[in-house]
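The values are calculated or read from the model by the stated rules, or taken from the named source; none is laboratory data. These figures come from a predicted structure and were not determined experimentally. Note that each Cβ is placed from the backbone with ideal geometry, even for glycine, and that neighbours are counted across all protein chains shown. Heavy atoms of the whole protein, side chains included, go into the accessibility calculation; ligands, DNA and RNA do not. Shrake-Rupley method; radii C 1.70, N 1.55, O 1.52, S 1.80 Å.
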Amino acid sequence: MLKVLGGETVFPPPLWMMRQAGRYLPEYRETRKQAGSFLDLCYNPDFAVEVTLQPIRRFGFDASILFSDILVVPHALGRDLTFAEGEGPRMTPIEAAEIERLGEGRDFHARLAPVYETVSRLRTELPKETTLIGFCGAPWTVATYMIAGRGTPDQAPSRLFGFREPEAMAMLLARLSEVSAAYLIRQIDAGADVVQIFDSWAGVLDEASFSAWCVEPVADIVRRVRAVHPDTPIIGFPRGAGSLFAGYRQRTGVTALGLDWSVPLSQARDLQAQGAVQGNLDPLRLVAGGRALDDGVDAILKALGGGPLVFNLGHGITPDCPVENVERMVKRVRTAQG
Ligand code: CP3
């Protein structure tokens, strides 16, 4: 994985899956029941280490991603957060007037200490050849949950907020960039080999807003992280960015591009000419299995296997995915002929 992120071609390519620790695994559901709530799982290093290792034991992925959530960052800044069973995250929507004092009087890193402990224990417990990925949400994506108080289909509340209150939005994103960079730096200090920045809602913005709210804050994070850890690869994942993927690597400084499944493989090849790409199987091909899965895997390997590729899904695996389909995908990638 590290060779590929450095620009080398490795075939068959290294592979892992976004959301690889999760509800599609019976052992995850069992640990989650023991932990009580989802946040207890994130903040208890015993449980968090266990669920992070579960997919590695089962499938032997080349990379392991820290088990946590992007919303622990606003939580550590003092915003309330709950995960209602089967409904996703809930927060009290932030108001413009609250942003200036966001996080004041809170010991951000002390609240996130269990996450750092999870990372360092993982680096000790994982096989040496398994890459450990740390992560954070990109400021825009984290802000959408803080502003709307929940996930929405098109992030209308946050787009409107940004258009009506541009200064408050700029202040919120700047604050999130600063703390997210500090958070990633601590994860790397604790043993993360690579970090990924999830901008899951990048795809709902017009060109100017994409530049101001996605590109600039991520570029700021990359600058801050590189100032301390110049050699740690950074994967950017601006989901749904479409034609705005072109230029994203250069403008933000990320090492590699995570591609969602809507990116045509011909465009993915062009993006690969500048460095590593990661992706981009439709997670529903994995749910369907059979021919749909095999064809999807083969098409990606054929188009992108001749350059630096990290095989992955185009977004997270869904809870209804049959475990045997994951086994089939891993086998197909690992036994592919170049
Ligand atoms: O990939 C991994 O295995 C690492 C763990 C991880 C989780 N969330 C665990 C999780 C990572 C990297 C995330 C990132 C995350 N969290 C993102 C960005 C990536 C993406 O999927 O777009 C976002 C937007 C969130 C916020 C979030 N967390 C939502 C919207 C939800 C609810 C959706 C759902 O699937 O239920 C969560 C909950 C969540 N985060 C779960 C897991 C395993 C399910 C919680 C449960 O067990 O009940």
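A quick yes/no check of all residues on (1) open to solvent by less than 20 Å² (accessible area, probe 1.4 Å); (2) farther than 26 Å from Ala170 by Cα; (3) more than 15 Å from the ligand (Cβ to nearest atom); (4) touching a Lys or Arg at 6+ places or on another chain (Cβ under 7 Å):
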position	(1), (2), (3), (4)
Arg32	no, yes, no, no
Gly36	no, yes, no, no
Phe47	no, yes, no, no
Gln54	yes, yes, no, no
Phe61	yes, yes, no, no
Gly86	no, yes, no, no
Ala97	no, no, yes, no
Contacts under 7 angstrom Cβ, first residue in the stretch 68-82 being part of a helix (DSSP H, G or I), partner β-branched (Val, Ile, Thr) and crowded, with 21+ Cβ neighbours inside 10 Å, 6 or more apart: Val72/Val115; Val73/Val142; Val73/Val179; Pro74/Val142
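This table checks each residue for (1) more than 13 Å from the ligand (Cβ to nearest atom); (2) open to solvent by less than 30 Å² (accessible area, probe 1.4 Å); (3) closer than 27 Å to Arg90 by Cβ.
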{"residue": "Leu173", "(1), (2), (3)": "yes, yes, yes"}
{"residue": "Ser177", "(1), (2), (3)": "yes, yes, yes"}
{"residue": "Ala190", "(1), (2), (3)": "yes, yes, no"}
{"residue": "Asp199", "(1), (2), (3)": "no, yes, yes"}
{"residue": "Val215", "(1), (2), (3)": "yes, yes, no"}
query: If you scan the stretch 109-147, which residues turn out to be buried (at least 21 other Cβ atoms within 10 Å of the Cβ), away from the ligand (no atom under 11 Å from the Cβ) and small (Gly, Ala, Ser)?
result: Ala143
- prompt: Across the stretch 225-259, what is the total count of residues that are hydrophobic (A, V, I, L, M, F, W, C) and over 21 Å from Ile65 (Cα atoms)?
  reply: 6
The stretch 283-305 - residue that is in contact with a Lys or Arg (Cβ under 7 Å, 6 or more places away or on another chain) and in a helix (DSSP H, G or I) and, of those, surrounded by the most Cβ atoms within 10 Å (Cβ to Cβ): Leu304
- prompt: In the stretch 83-121, what count of residues is obtained for those that are in a helix (DSSP H, G or I), among the small types (Gly, Ala, Ser) and more than 29 Å from Asp189 (Cα to Cα)?
  reply: 2
